[in-house]
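Heads up, the thing below is written out as structure tokens.
The values are calculated or read from the model by the stated rules, or taken from the named source; none is laboratory data. Because the structure is predicted, anything quoted here is derived from the model rather than measured. Glycine also receives a Cβ, built like all others from the backbone with ideal geometry; neighbour counts cover every protein chain displayed. Ligands, DNA and RNA are excluded from the accessible area calculation, which covers all protein heavy atoms including side chains. Shrake-Rupley method; radii C 1.70, N 1.55, O 1.52, S 1.80 Å.
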Amino acid sequence: MPAKTLIDANALDLDQALQLLQQAGALLPDEPPRSVAWLQAVLNALCDLSSKDALTGLVNRRSFEMSLTREVDRVARSGEAALLLILDIDHFKAVNDTHGHGAGDLVICAVAKAIAQAVRPMDLVARVGGEEFAIILPSCATHVGLIVAERVRQRVAELSVEITPGEMLGVTVSLGGAFAPQWVRSSTLLWMERADRQLYRAKADGRNRTCLEPQIDSLVSAEEKGMLFTPLNLDTQQDLP
Amino acid sequence: MNTTHDPAAPVAPTSRPARGGARTLAVTSGKGGVGKTFVTANLAAALAARGQKVLVLDADLGLANLDVVLNLQPKLTLHDVFTDKATLDQAILPAPGGFSVLLAGSGMVEYSRLTPDIRDKLLHIIDLVKPRFDWVLLDTGAGISDVVLFAISLASDVLVVATPEPTSLTDAYATIKVLATQQERRQVGLLVNQANRVGEGRLICGQLQQVLQRFVGPIPGQTFKLELMGEVRADQAVRQAVLKRQLMLEHYPGCDAAQAIKALATKLLG
């Protein structure tokens, strides 16, 4: 007769795991403790916990990178446009320095909530760094991308965060974005780099704005064709015997 | 005395594919008839001679002619794999020169358009072969159709083959520009084939790079590099090999063109 279980569930030390879940406010499973279903539910809750950012409850960087990899492959197969946005809270260091880290955390949480409310249901919002967020927008046409990005920016700009009772603080974000090249299995690193470059542009242009990578024309103009040959022709003539 | 390490022992067996799978190189040209397939086949042989496990995938799905260049009469092609008439293993055939080929059929109109089905199948096949080889060379079709651009997108590196003819150069430029603008390519390799004299490759590469810099450069912070990977001069042996449908590297290993292809292999191996 085959053994029903390979491990003795009662021999497992789960104290730390359960404590972690409790602390994170995760509901413990209803199943009979230490049953297979219960253990599975605990593992699922731990997986869920490890994919989330503790402060904001958004997807964390690790989970975001996995999603981005999947999106790159999806774009290569479906050819649907996808946009990656990277956002950074403007002058965040000043918030921390002037009002303390507690206030900084409140601002981060408020911004996170505003972003989540402004995006489309299928978009994925992640906190990827201290005051940096990223949004993956699948199936996103060019004009739609700009609309969503601007909606996010405006929603954040309308915020008034109460950092201490009665003390309100305004906040803005800068956004940079780049579309995944259609039909191409690109690298996540390159995609991030391109979006990042637009974020720098938004910051340099004065913050509280959205910069998307401009679409480049790949047509070859008559001017280019002319330039291709000008010096070459000269050279050939000089070399003729 | 260190007995655990024998300095004479090979550090890493060359037959084992690199970690993360094969290096993928698409060979393309813009204009047809510039020697793309010829270069691909001989480059594969040159890499194989250096101990590399090489697969050449004929990605010119509609008008494939790798079999013609290599004088092979394949019973099984990619088409049979796509339609489940053959397994991938059955369709990967040995070629003269010590490398493997995965051939495509000729005249298959259904492959002249890029359907989601073909895209998915090609992506799947690339994923399957990558762990098994050191190099996967993709011989793409001419032009910048969807099928060609998609085939190129499957590769991490691109080699554009061009001859000094104005039409070839214009088409090579258009191809490179599309790759830089639509595929995020930061670097593309150039092989000048049928060069008329020593140094012509460098001249052409400089010329193309200059125009690219001017018209592809304006993306903030982005640099694009066209790297000259080799120059193959017009060579009587090449003509002989092509007409006799022989691998130049096997039959005319000493000729200038063969040396140039070997130098290209060396450069790719770094």
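Worth a mention:
- Convex hull volume per residue, computed on the Cα atoms of region B:11-167, equals 111 Å³.
- Cα gyration tensor shape for region A:1-104, rounded if a/c is under 1.5, else prolate or oblate: oblate
- Accessible surface for the protein assembly as shown, divided over its residues, is 49 Å² per residue with a 1.4 Å probe.
- Cα Rg, Dmax (largest Cα-Cα span) when computed across the protein assembly as shown, Å: 28.2, 95
- Treating each Cα of region B:155-194 as one equal point scatterer and applying the Debye formula with no solvent, the log10 of I(q)/I(0) at q = 0.25, 0.27, 0.28 Å⁻¹ comes out as -0.81, -0.91, -0.95.
- Under 5 Å from the amide H of residue B:30 lie the amide H atoms of B:143, each residue being 5 or more positions distant or on a separate chain, with H modelled from the backbone and absent for Pro and chain starts.
- Shape call, chain B: gyration tensor on alpha carbons, a/c limit 1.5: rounded
- Chain A: projected area of the alpha-carbon convex hull, averaged over directions, in nm²: 24.6
- Accessible heavy-atom area order of A:109, A:140, B:255, highest first, probe of 1.4 Å: A:109, B:255, A:140
- Three-way shape label, region B:13-94, alpha-carbon gyration tensor, a/c 1.5: oblate
- Nearest-0.05 FRET efficiency for residue A:223 and residue A:36, computed from C-beta distance (R0 56 Å): 0.20
- Spatial extent of region B:54-112: Rg and Dmax, with the Cα atoms as the point set, Å: 10.6, 32
- Stokes-Einstein D (µm²/s) once Rh is taken as the Kirkwood radius of region A:118-177 over alpha-carbon pairs, at 25 °C in 0.890 mPa s: 190
- For chain A, calculated [θ]222 nm from helices alone, where every DSSP H run of n ≥ 4 adds -39500 (n - 2.57): -16000 deg cm²/dmol
- Residues whose amide H falls under 5 Å from that of residue B:225, counting only those 5 or more places apart or on a different chain, are B:187, B:188, with hydrogens built in the peptide plane.
- The alpha carbons of region B:118-270 occupy a box of 45, 39, 29 Å along the principal axes, longest dimension given first.
- With θ taken as phi - 60° and the Karplus curve 6.51 cos²θ - 1.76 cosθ + 1.60 applied, the whole-hertz 3J(HN,Hα) list for region B:184-194 is 6, 6, 9, 8, 9, x, 10, 10, 8, 9, 6 Hz, x standing for glycine and proline.
- Peptide A:210-221 - average C-beta neighbours from other chains (10 Å radius): 4
- Distance violations [Cα-Cα > 29 Å] among B:177/B:244; B:130/B:244; B:36/B:244; A:93/A:113; B:177/B:267: B:177/B:244; B:130/B:244
- Computed from backbone phi with θ = phi - 60° and the Karplus coefficients 6.51, -1.76 and 1.60, the 3J(HN,Hα) list for region A:163-179 is 8, 9, x, x, 9, 9, 9, x, 8, 10, 10, 10, 10, x, x, 9, 7 Hz; x is used for glycine and proline.
- Computed from backbone phi with θ = phi - 60° and the Karplus coefficients 6.51, -1.76 and 1.60, the 3J(HN,Hα) list for region B:65-73 is 9, 4, 4, 5, 4, 8, 6, 10, 10 Hz; x is used for glycine and proline.
- Residues whose amide H comes within less than 5 Å of that of residue B:101, counting only those at least five positions distant or on another chain, are B:56, B:93, B:95 (H built at 1.01 Å from N in the peptide plane).
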